[in-house]
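Working notes for the structure below.
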Amino acid sequence: MAETDDCRAQHWRGGMDEDGAQEVVSALEGKPLGVWGLLQIAGCTGLTAYSVWALVLMPGFRKVPLKLQVLEAARRGFSPAVGYELNPWLVRLSYFYAWKSDYHRRVSYLREDLWKVRLQDCKNISIFLAPSVLTLLENKMLEELPDDARVVTGRFPLPTWAPSTIIGEGTDRAWAYDLRTIRQAMTANQHGTEV
C-alpha cells in the first residue's frame, strides 16, 4: 500500500493525465465543499473574470483611445464628433469622460457596428482597432470616404497604406493618412504594374 501511495504522489507531482483526473473527481464526488472549497471556487471565478477583463476589455479602457479619439477631436474644434463602439461599457465610460471634461454636448457615442455605418460624409476619422481588421477597414474607407478625408490610427498603422505623418512613440504613436494621396499612390502603382 505504501508503494501505491508513493507512486500516486509522484504521479501528482509530475502532471495529471486522464486517469489522474478521474481519480480526483471520484474522490470528491459526494463530499460537501465546505467554506474553504467555496472560497476556492469564488477565488478561481474571480481570477477567471479578471483575466477575461484584462485580456479583452482593459485595452479599450486605457487613456489613449478615449482621449485621442472623439473627445480630443471635439476639443480641437471638429464637429460633429461621433464615436462608434459595440462595447456598452466603453460607450458609458466615454460619456463619463466627456461629461467630466464638459464636452458631453459636443460629442456623441453610438453603440453601432462600424461595418454598417456609412462613411460618405466623414472628413476626419480616428481609428483604434485591432490589426486583424485593419485591412478590411482600408477597403471600406477607400470605397466610402471622400478624397479630402483624413484618417488617423492609434496604436497600430494601417497595413497597406503609406502614412503622410507619424507622431509619437511606442503606444502613443499615431499615423495620419490623406485619402487623396492614398488614391493617387494606388493609381500610380496600378499604372506602373501594367507597363
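Among the residues making up region 98-118, those that are out of contact with any Ser or Thr (no Cβ under 7 Å at 6 or more places or on another chain) and not in a loop (DSSP other than H, G, I, E, B) are Ala98, Trp99, Lys100, Val107, Ser108, Leu110, Leu114, Trp115, Lys116. Consider region 165-195 and keep the residues that are of a type in the set (D, E, K, R) and part of a helix (DSSP H, G or I). The one that is most open to solvent (accessible area, probe 1.4 Å) is Glu194. Taking every residue in region 97-125 that is under 20 Å from Tyr177 (Cβ atoms) and pairing it with any residue that is assigned to a strand (DSSP E or B), at least 6 positions away or on another chain, the pairs with Cβ-Cβ distances below 6 Å are Leu114/Tyr84; Val117/Tyr84; Asn124/Arg150; Ile125/Val151.
Check off (1) over 18 Å from Arg150 (Cβ atoms); (2) hydroxyl-bearing (Ser, Thr, Tyr); (3) open to solvent by 70 Å² or more (accessible area, probe 1.4 Å); (4) over 18 Å from the mean Cα position of the chain (by Cα) for Tyr97 and give me the number that stays unchecked. Every condition holds for Tyr97 apart from (3).
When we screen Leu90, Leu142, Leu137 for residues that are touching a helix residue (DSSP H, G or I) at 6+ places or on another chain (Cβ under 6 Å) and open to solvent by less than 60 Å² (accessible area, probe 1.4 Å), the only hit is Leu90.
Scanning region 121-134 for residues that are open to solvent by less than 30 Å² (accessible area, probe 1.4 Å) and part of a helix (DSSP H, G or I) yields a single hit, Leu134. Looking only at residues in region 145-164 that are under 20 Å from Ala81 (Cβ atoms) and open to solvent by 50 Å² or more (accessible area, probe 1.4 Å), the one that is modelled with the highest pLDDT is Asp148. Selection of first residues in region 128-156 that are free of Cβ contacts under 8 Å to residues at least 60 places away in the same chain and of second residues that are open to solvent by 20 Å² or more (accessible area, probe 1.4 Å) and in a helix (DSSP H, G or I), restricted to Cβ pairs under 6 Å at least 6 apart or on distinct chains, gives the following pairs, ordered by first then second residue: Asp147/Arg180; Phe156/Pro131.
Just one of the listed residues (Arg106, Arg111, Arg118) is within 21 Å of Leu86 (Cα to Cα), more than 21 Å from the chain's Cα centre (by Cα) and surrounded by fewer than 17 Cβ atoms within 10 Å (Cβ to Cβ), namely Arg118. For region 78-87, the set of residues classified as open to solvent by 60 Å² or more (accessible area, probe 1.4 Å) and part of a loop (DSSP other than H, G, I, E, B) consists of Phe78, Ser79, Pro80, Glu85, Leu86, listed by residue number.
The values are calculated or read from the model by the stated rules, or taken from the named source; none is laboratory data. Quantities reported herein were computed from a predicted structural model and do not represent experimental measurements. No Cβ is skipped: glycine too gets one built from the backbone with ideal geometry, and neighbour counts run over all protein chains shown. Keep in mind that these areas ignore ligands, DNA and RNA; they rest on the heavy atoms of the full protein, side chains included. Shrake-Rupley method; radii C 1.70, N 1.55, O 1.52, S 1.80 Å.
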